[in-house]
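J.: One structure follows; several queries about it will come next.
Read-outs throughout are calculated quantities, based only on the coordinates presented, and are distinct from any laboratory measurement. Remember, it's a predicted structure, so these values are computed and weren't measured experimentally. FYI the Cβ positions are ideal-geometry reconstructions off the backbone, even for glycines, and counts take in every protein chain you see.
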Amino acid sequence: MVILKRAILRLLKEFRPEYVSGEDICKKFNVTRTAVWKHIQALREDGYEIEARPRAGYSLVSVPDRLYAEEILDGLNSKFFGHEVYYYDSVSSTNDVAKELALQGARDGSLVVAEEQTGGKGRLGREWYSPKYKDIKFSLLLYPPVNPSEASQVTMVTAVAMALAVRKKTGVPAGIKWPNDLLVEGRKICGILTEMSAELDKINYLVVGAGLNVNQELADFPEEVRDIATSLKVEKGVELARVSLLQAILEEYEQWYMLWLEQGFSVILAKWKELSVSLHCPVRIHTLNKSWEGWAEDVDADGALLLRLPDGGLQRLIAGDVSLRV
Ligand code: BTN
């Protein structure tokens with residue numbers, strides 16, 4: 001029974017590093033010693049290190065770096081982001097799960113996390129691959145009360161919040177490359193994919209998915225992206241705790257999301273521009289059927305890139321891949 005397992009874990013955390021006797025656990029939850037032992041074993045299988053001593057009982061020694069719901073919720077300081085967590089060891093795509101949850105009426109701010117995706121999706125129909133237990137892959141389900149034409153703004157809110165959370169929590173100077181990649185020293189550290197279900201004048205739901213490279217080594221990246229990707233571990237030289245990083249992201253993200261709903265897009269756009277590493281510089285842009293070169297002059301109120309062409313004209317682009325020309 002998952003509820004009892006969680007309750008025992010909470011008790012062990014509360015008393016950590018002290019021991020809690022088997023008898024006390026039995027009495028508290030009105031269960032047998034065998035039941036307690038079974039749940040302790042199950043927690044150990046989940047990666048919790050629990051010491052057992054005759055007469056003293058059980059003591060929690062360490063917590064695994066897994067994105068378990070109970071770990072994310074433990075100390076999460078948000079109003080509704082991540083209050084409902086759906087955790088998967090392996091799943092096709094967290095975005096797809098979040099979309100199914102939306103159809104079942106899951107609540108605003110529901111969070112889907114997975115240690116592994118077998119069908120991870122990137123922008124422009126690409127695949128998104130990342131190794132198990134090393135990064136943070138999540139999707140957030142949102143029901144913003146805005147017009148569908150404003151949906152792309154949420155992706156920009158996400159990029160701003162992710163960049164700031166990474167900076168604050170790790171000191172790694174993540175910047176934003178249009179439209180919504182996070183880069184560190186020119187190498188990609190995070191990608192965002194937003195999917196929407198909408199009617200003409202109403203958003204049914206938004207699913208914002210993000211993949212942040214945390215503890216990968218360079219060798220963990222597929223060969224084709226090894227030269228253009230990085231992770232926080234590569235940048236800092238140390239392994240990072242993923243749970244507290246995800247909590248920081250959710251807290252930062254909620255603040256910027258609420259600010260956007262309350263005060264509108266201009267404050268977000270200003271911050272987005274401040275964090276941008278692909279504005280006011282020469283760029284090459286690949287769209288589905290054409291490549292452009294020019295000067296990245298500005299981003300407009302819809303998040304479209306305004307590219308100054310060599311002939312002096314201004315081209316407005318709503319999607320594409322930017323290469324920074326050096
Ligand atoms: C990109 O840069 O192309 C966007 C990548 C987005 C990847 C994340 S990982 C979690 C979520 N689930 C998916 O299938 N994709 C997004």
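J.: May I ask which residue of Pro54, Ser92, Val2 lies farthest towards the positive end of the charge dipole of region 1-101, with charges of +1 (Lys, Arg) and -1 (Asp, Glu) on Cβ and the Cα centre as origin?
T.: Result: Pro54.
J.: Same structure again: Using the Cα centre of the chain as the reference point, and only Cβ charges (+1 on K/R, -1 on D/E), how large is the resulting charge dipole? Debye, rounded to the nearest 20. Walk me through the numbers before you get to the answer.
T.: Values: 40 positive and 46 negative charges, 145 e Å.
Dipole magnitude for the chain comes out near 700 debye.
J.: Still on this structure, I have one more. Would you mind calculating the gained length between Val238 and Asp74 on full extension (0.36 nm times residue separation, minus the Cα-Cα distance), in nm to one decimal?
T.: Details: separation 164, 0.36 × 164 = 59.04 nm, distance 2.37 nm.
Contour length minus the Cα-Cα distance gives 56.7 nm.
J.: OK, next. Report the Cα centroid-to-centroid distance between region 1-78 and region 217-295 in angstrom, as an integer.
T.: Rounded to whole Å, the Cα centres lie 37 Å apart.
J.: While we're here: Could you please rank Ile40, Ile228, placing first whichever residue has the fewest other Cβ atoms within 10 Å of its Cβ? Intermediate values should be presented prior to the final figure.
T.: Values: Ile40 21, Ile228 12.
The most exposed by this proxy come first: Ile228, Ile40.
J.: Here's another thing I want to ask about it. Let me know the shape class of region 218-326, please: from the alpha-carbon gyration tensor, a ≥ b ≥ c as square roots of the eigenvalues, rounded when a/c is under 1.5, otherwise prolate if a/b is greater than b/c, or oblate.
T.: Working: a/c = 2.64, a/b = 1.23, b/c = 2.16.
Taking the square roots of the gyration eigenvalues as a ≥ b ≥ c, region 218-326 is oblate.
J.: Let me ask something else about it. Given a cut-off of under 8 Å on Cα pairs at least six residues apart, what relative contact order in percent is computed for the chain?
T.: Relative contact order of the chain: 14 percent.
J.: Could you list Thr230, Thr170, Thr32 in order of exposure, starting from the residue whose Cβ has the fewest other Cβ atoms within 10 Å? Walk me through the numbers before you get to the answer.
T.: Values: Thr230 22, Thr170 18, Thr32 10.
Result, fewest neighbours first: Thr32, Thr170, Thr230.
J.: Please give the calculated 222 nm ellipticity per residue for the chain, where each DSSP H segment of at least 4 residues contributes -39500 (n - 2.57) and the sum is spread over every residue; nearest 500 deg cm²/dmol?
T.: On the way: 9 runs with 107 residues, N = 326.
My calculation for the chain gives -10000 deg cm²/dmol from helical runs alone.
J.: So, one more: Can you pull out the GluC sites (Glu not before Pro) in region 153-248 that DSSP calls coil and that have at most 14 other Cβ atoms within 10 Å? All intermediate terms of the calculation are to be shown ahead of the outcome.
T.: Working: sites: Glu185, Glu195, Glu199, Glu217, Glu223, Glu224, Glu235, Glu239; in loops: Glu185, Glu217, Glu239.
The qualifying sites are Glu185, Glu217, Glu239.
J.: Shifting gears a bit: Residue by residue through region 127-144, which ³J(HN,Hα) values in whole Hz follow from phi under the Karplus form 6.51 cos²θ - 1.76 cosθ + 1.60 (θ = phi - 60°), with glycine and proline marked x?
T.: Result, ordered by residue: 8, 10, 10, 7, x, 5, 6, 10, 10, 10, 10, 8, 10, 10, 9, 10, 10, x Hz.
J.: With a 10 Å cut-off between alpha carbons and a GNM built on the chain, which of Ala52, Ala159, Ala98 moves the most?
T.: Ala52
J.: With θ set to phi - 60° and the Karplus curve 6.51 cos²θ - 1.76 cosθ + 1.60, what are the ³J(HN,Hα) couplings of region 310-315 in order, to the nearest whole Hz, using x for Gly and Pro?
T.: x, 7, x, x, 10, 10
J.: Per residue of region 235-252, what does 6.51 cos²θ - 1.76 cosθ + 1.60 with θ = phi - 60° give for ³J(HN,Hα)? Whole Hz please, x for Gly and Pro, Karplus curve as stated.
T.: After applying 6.51 cos²θ - 1.76 cosθ + 1.60, I find 5, 9, x, 9, 6, 10, 6, 6, 5, 5, 5, 5, 4, 5, 5, 4, 5, 5 Hz.
J.: Out of residues 5 or more away from Tyr88 or on other chains, whose amide H comes under 5 Å of its own, with H placed 1.01 Å from N in the peptide plane?
T.: The list, which skips near neighbours in sequence, is Val113, Ala114, Glu115.
J.: Taking neighbour counts of Cβ atoms within 10 Å as a proxy for exposure, in what order, fewest first, do Lys13, Lys290, Lys188 appear? Provide the component values of the computation, followed by the final result.
T.: Working: Lys13 13, Lys290 10, Lys188 18.
Placing the least packed residue first, the sequence is Lys290, Lys13, Lys188.
J.: Within region 128-152, name every residue whose backbone N is under 18 Å away from a label modeled 7 Å from Cα of Arg226 along the Cβ vector.
T.: 129-132
J.: Which of the pairs Lys13/Lys134; Lys5/Lys169; Lys137/Lys169; Lys38/Lys233 have their Cα atoms more than 26 Å apart in this structure?
T.: Details: Lys13/Lys134 24 Å; Lys5/Lys169 31 Å; Lys137/Lys169 17 Å; Lys38/Lys233 36 Å.
Long pairs (Cα-Cα over 26 Å): Lys5/Lys169; Lys38/Lys233.
J.: Name the residues whose placed amide hydrogens come within less than 5 Å of the amide hydrogen of Gly122, ignoring near sequence neighbours (fewer than 5 apart) on the same chain.
T.: Glu127, Trp128
J.: Give the residue list of trypsin sites (Lys or Arg not before Pro) in region 79-141 that are DSSP loop and have at most 16 other beta-carbon atoms within 10 angstrom. The partial results should precede the final answer.
T.: Details: sites: Lys79, Lys99, Arg107, Lys121, Arg123, Arg126, Lys132, Lys134, Lys137; in loops: Lys79, Arg107, Arg126, Lys132, Lys134.
Qualifying residues, ordered by number: Lys79, Arg107, Arg126, Lys132.
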